[in-house]
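The values are calculated or read from the model by the stated rules, or taken from the named source; none is laboratory data. Owing to the predicted nature of the structure, the values given are computational and were not obtained by experimental measurement. Positions of Cβ are backbone-derived with ideal geometry, glycine not excepted, and every protein chain shown enters the neighbour counts. The area values use the complete protein model at the heavy-atom level, side chains included, leaving out ligands, DNA and RNA. Shrake-Rupley method; radii C 1.70, N 1.55, O 1.52, S 1.80 Å.
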Amino acid sequence: MLLNLHIKNVALIEEIDIHFSSGLNILSGETGAGKSMIIDSINFVLGEKISKDFIRNGEELAIVEAIFEINQKHQAEIFSEMGIDIDENNQLLISRQINNQGKSHCRINGRSATVGILKELSSVLVDMHGQHEHQSLLNANKHIELLDRFCGENLDERKRELSLLYKKYKNILKEMKQLTGNEADRERTIDLLNFQTTEISTAKLLIGEDESLMERKKVLNSSEKLIKISQETILLLSAESSYDSSIMDRMKKVSRNTSDMARIDSSLESLTQEINEIEGLFSEFSHKLSVYCESLDYEPNELNKIEERLDLIYKLKKKYGATVKEVLDYYDKISIQLNNIKNSEEILKKLEQQKKYLEKEIEAVCLTITQERTLYSNKIQTQIETILSELGMKNAKFAINIEQKE
């Protein structure tokens, strides 16, 4: 249902907002008042071609916006299939503008769209009936959709079931085509996949390895500086320091003094314990720093090896994925593909069995759908002929003919 129409710079109309209510809405006015411009604006916003004369004289741009309420389930399903989201109020905003160079721009709920999509929407949203046009009733492609609307939820469920089965069927056909392709193409694919799997597996990549290597490279590039600072720090802590006294010497003296004081005043025992703990921490820190300093001695070739490894990882990431994980995921994927191609005969047999099973399932569902349509078509024929008779057309006949496609 059309709720609101906003028109700006269209022919005689400078700017107007028209609000519609449910039921019959009538636009009346004398000739030249602009009634046809409103109809043209609706056609324009739904994708119809329009001339530059559509734009108000002296203006550069004409804009039409329409808000529709989507209150029918079949409409929502069609929009969903087209990838169009309806907002929480079940409303759809369509806007289209055209400039004086004849270029137009369309948006659906704020997202850009093509004129072709607007035309698809128009067949779902609006029926335009002029003196010589009745769109959906005379469009044979729409007849089955109109019939299905009478058939109810049971048919909708069967159609959803058919859609899922058909998707599976198409996927199987696609897999079979890949496995039964040109022999030369098949051999080329095997050669390529063999090369790629060998290249990746030979590298023996580990997730997070590149980050660890970069960190190690950073340390090695600054190893001289780190050794110098570590040794200086160890000297400051150690008794062999060339300074007047080391930190450790001073700590020991503080510890002795505190112990002497505690022997006289027992309230200082807690302080003695604290200074002893601090002294122990300094000693442990000095030991760990010495171990770290020794670890900075490395093989002369280590840096070269790291750079070579990083170069290999970089090349693999450039070819197969942005991260090591993506490269390994790609390896898993092509390994399965390679295995499938090498074992194609076995897989083809299984796919052929699945295909035949799905064909039977699809035929069964299609038969049920045809039976539902036939049942309701007979009811509709009777109802429409009754209504035509009440309208005075007693001899009018209405028939729905359902034919089976090959």
>> Please give me the summed charge of the neighbours of V365: other residues whose Cβ is under 9 Å from its Cβ, Lys and Arg +1, Asp and Glu -1.
In response: -1
> How far is helix 209-221 tilted off the main Cα axis of the chain, in degrees rounded to 10, range 0 to 90?
Replying inline: 40 degrees
> Counting only residues 5 or more places away or on other chains, whose amide H sits under 5 Å from the amide H of Q91 once H atoms are built in the peptide plane?
Replying inline: I70
>> Residue by residue through region 202-208, what is 3J(HN,Hα) from phi via Karplus (6.51 cos²θ - 1.76 cosθ + 1.60, θ = phi - 60°)? Round to whole Hz and write x for glycine and proline.
In response: 4, 5, 6, 6, 10, 5, x
> With θ set to phi - 60° and the Karplus curve 6.51 cos²θ - 1.76 cosθ + 1.60, what are the ³J(HN,Hα) couplings of region 85-101 in order, to the nearest whole Hz, using x for Gly and Pro?
Replying inline: 8, 9, 6, 5, 8, 6, 10, 10, 9, 10, 10, 9, 10, 9, 9, 6, 8
>> How large a share of the accessible area of region 297-401, in percent, is made up of carbon and sulfur atoms when the probe is 1.4 Å and the other protein chains stay in place?
In response: 52 percent
>> Quick check on packing: order 184-197, 368-381 by the mean number of other C-beta atoms within 10 Å, highest mean leading.
In response: 368-381, 184-197
> Dipole size in debye (nearest 20) for the chain around its Cα centre, Lys and Arg Cβ +1, Asp and Glu Cβ -1?
Replying inline: 1400 debye
>> Calculate log10 I(q)/I(0) of the chain for q = 0.14 Å⁻¹, where I(q) comes from the Debye formula with a single equal point scatterer on each Cα and nothing for solvent.
In response: -1.25
>> Net charge around T114, counting only other residues with Cβ within less than 12 Å of its Cβ (Lys, Arg = +1; Asp, Glu = -1)?
In response: +3
> Where does the chain land at 222 nm, in deg cm²/dmol rounded to the nearest 500, when only DSSP H runs of n ≥ 4 count, each adding -39500 (n - 2.57), divided by all residues?
Replying inline: -21000 deg cm²/dmol
> Which three lengths, in whole Å and largest first, does region 335-406 cover when its Cα atoms are put on their principal axes?
Replying inline: 73, 18, 18
> Roughly speaking, to the nearest percent, how much of region 49-161's 1.4 Å accessible area is carbon and sulfur?
Replying inline: 46 percent
> If you add up the charges near S283, with Lys and Arg at +1 and Asp and Glu at -1, over every other residue whose beta carbon is less than 14 angstrom from its beta carbon, what do you get?
Replying inline: -1
> Given the alpha-carbon gyration tensor of region 315-366, what are the semi-axes of its equivalent ellipsoid in whole angstrom, ordered largest first, with each equal to the square root of 5 times an eigenvalue?
Replying inline: 36, 15, 6
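Label region 23-111 by shape, choosing from rounded, prolate and oblate, from the square roots a ≥ b ≥ c of the eigenvalues of the Cα gyration tensor; if a/c is under 1.5 it is rounded, and otherwise prolate applies when a/b is larger than b/c, oblate when it is not.
Oblate, because a/c is 1.5 or more while a/b does not exceed b/c.
Quick one: if the Förster radius is 51 Å, what FRET efficiency do A33 and S80 give, using the C-beta to C-beta distance and rounding to 0.05?
In this case the efficiency is close to 0.80.
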>> How much accessible area per residue does region 1-139 have, counting only protein heavy atoms and a probe of 1.4 Å, in square angstrom?
In response: 61 Å²
>> Quick check for you: with a 1.4 Å probe and neighbouring chains kept, what is the accessible area per residue of region 153-207, in Å²?
In response: 71 Å²
> What translational D, rounded to a whole number of µm²/s, comes out for region 1-154 from Stokes-Einstein when the hydrodynamic radius is the Kirkwood one over Cα pairs, at 25 °C and 0.890 mPa s?
Replying inline: 147 µm²/s
